[in-house]
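In what follows, a single structure is set out as structure tokens and then discussed.
What follows is calculated from the coordinates using simple rules that are stated; it is not laboratory data. Treat the numbers as computed from the prediction; the structure is a model and nothing was measured. Using ideal geometry, Cβ is built from the backbone for each residue, glycine included, and neighbour counts are taken over all protein chains shown.
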Amino acid sequence: MGGLMVARAARRAVLLPTMLTFGVIVASGGLLLMIQKGMLAEVDTLSGRTYGARSRGSGGAQSGVNTEEDWKWSEDPDYQIIQEIRNRTLQSVCKHKTMPHSILDLTSAQRRNLLKHILVNDEYKFLYCYVPKVACSNWKRVIKVLNGVLDSVHVHIKMDHKNDLVFLGDLKNSEIKYRLKHYYKFLFVRDPMERLLSAYRNKFGEIEAYQRRYGMEIVRRYRKNVGQSRGDDVTFTEFLQYLVDEDVETMNEHWMPIYNLCQPCAVTYDYIGSYERLQSDARHILQSVGAPRSVEFPQRQAWYKPITKETLHYYLCKVPQGLLNELLPKYILDFSLYAYPFPNVTDKYCRH
Ligand SMILES: *[C@@H]1O[C@H](CO)[C@@H](O)[C@H](O)[C@H]1NC(C)=O
Ligand SMILES: *[C@@H]1O[C@H](CO)[C@@H](O)[C@H](O)[C@H]1NC(C)=O
């Protein structure tokens, strides 16, 4: 098979300074909370000798040819460590008896919400749990190309987020069960604070419907002097205050925790991609499901303004520490399961 190289996986132990080990306590309501411990963890990891992706079929590729980015993907030991930590944290947290072990353990509202967020592709037999603000429009584009609805991922159209897509929730129970058991399942994750900032800037900065529906409500609740506000001048701090008071299970999907959208304990995902490694992780997944080489994950749109470290620094450093302390427990599973460090808003960090 072209492009396929068998990994010679030597095991080695790596010492990690961590924010990445977590103690686990059970809080009220049976929700697991994890507390970060400053410890060293010993993690067995694959060595950097793993070339190429374990692909089910990269048909048509010249043998042994990997693009430069495939190479980088498999050669980056730090990223492999992160993936392994995610995998292990997920397994150890999900083992806990208070966590759901299948979609039957979810409440019907949780199940409905989950099935609404899983997209189905029968041709290549995969399920994708979409997370808004984590490149989900581009994945929907790719799925439409694989379904034959779009000619190419580059076609200039505004993305239609509902039509021509099959959601797991559209199917019968037996069909859902079959696909959850046999299909390749993946999702993409992103730094939780960066995702919230991205949602904030997009929705309150650009979308009038959100300004009216959410912005005005937020201003009414959290601002002493509402004045003439039309909901388009919500501050990031006001937005976070609003999130502290919202229920994670019913909040808008753009800021609902990834945990609640995709239920990674109830569904055993095969792969968790990172927004930070979008292109190479997407390529890995497309290879894994046997997608034709001609189908490429789209590059970022030229108009897209990524959130830089400086932007995140600017916004976070204006948020009171006490408010962040109240907010973080709501997103704790998104930080801990996917190994994202808590935001650093110490005086020292914020001074420069
Ligand atoms: C975790 O590791 C197992 C065993 O290597 C693998 O089968 C599974 O796909 C991994 N899961 C994720 C989410 O990476
Ligand atoms: C926060 O940032 C400061 C300045 O960059 C650094 O000295 C400090 O160690 C960081 N703290 C944590 C907990 O990462």
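Data for the structure
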item	result
For peptides 79-92, 101-114, sequence by mean Cβ density within 10 Å, most packed first	79-92, 101-114
Residue pairs, from the table 95/162; 116/318; 97/348; 305/348; 158/318; 95/172, whose Cα atoms sit over 30 Å apart	95/162; 116/318; 97/348; 158/318
Residue-wise HN-Hα coupling along segment 237-245, computed from phi with Karplus coefficients 6.51, -1.76, 1.60 (Hz; x: Gly, Pro)	4, 4, 4, 5, 4, 4, 4, 4, 8
By average C-beta atoms within 10 angstrom, highest first, the peptides 120-128, 311-319	120-128, 311-319
Cut-off under 5 Å, modelled amide H: who pairs with residue 184 long-range	126, 127
FRET efficiency, residue 87 to residue 155 (Cβ-Cβ, R0 51 Å, nearest 0.05)	0.90
Extension reserve of the residue 209-residue 245 stretch, reckoned as 0.36 nm per residue once the Cα distance is removed	10.8 nm
Gain in span if fully extended, residue 122 to residue 229, counting 0.36 nm per residue against the direct Cα distance	33.8 nm
Burial ranking of peptide ranges 220-226, 168-174, 156-162 (average Cβ count within 10 Å, highest at the top)	168-174, 220-226, 156-162
Within segment 101-352: Cβ-based charge dipole about Cα centre, in debye rounded to nearest 20 (Lys, Arg +1; Asp, Glu -1)	200
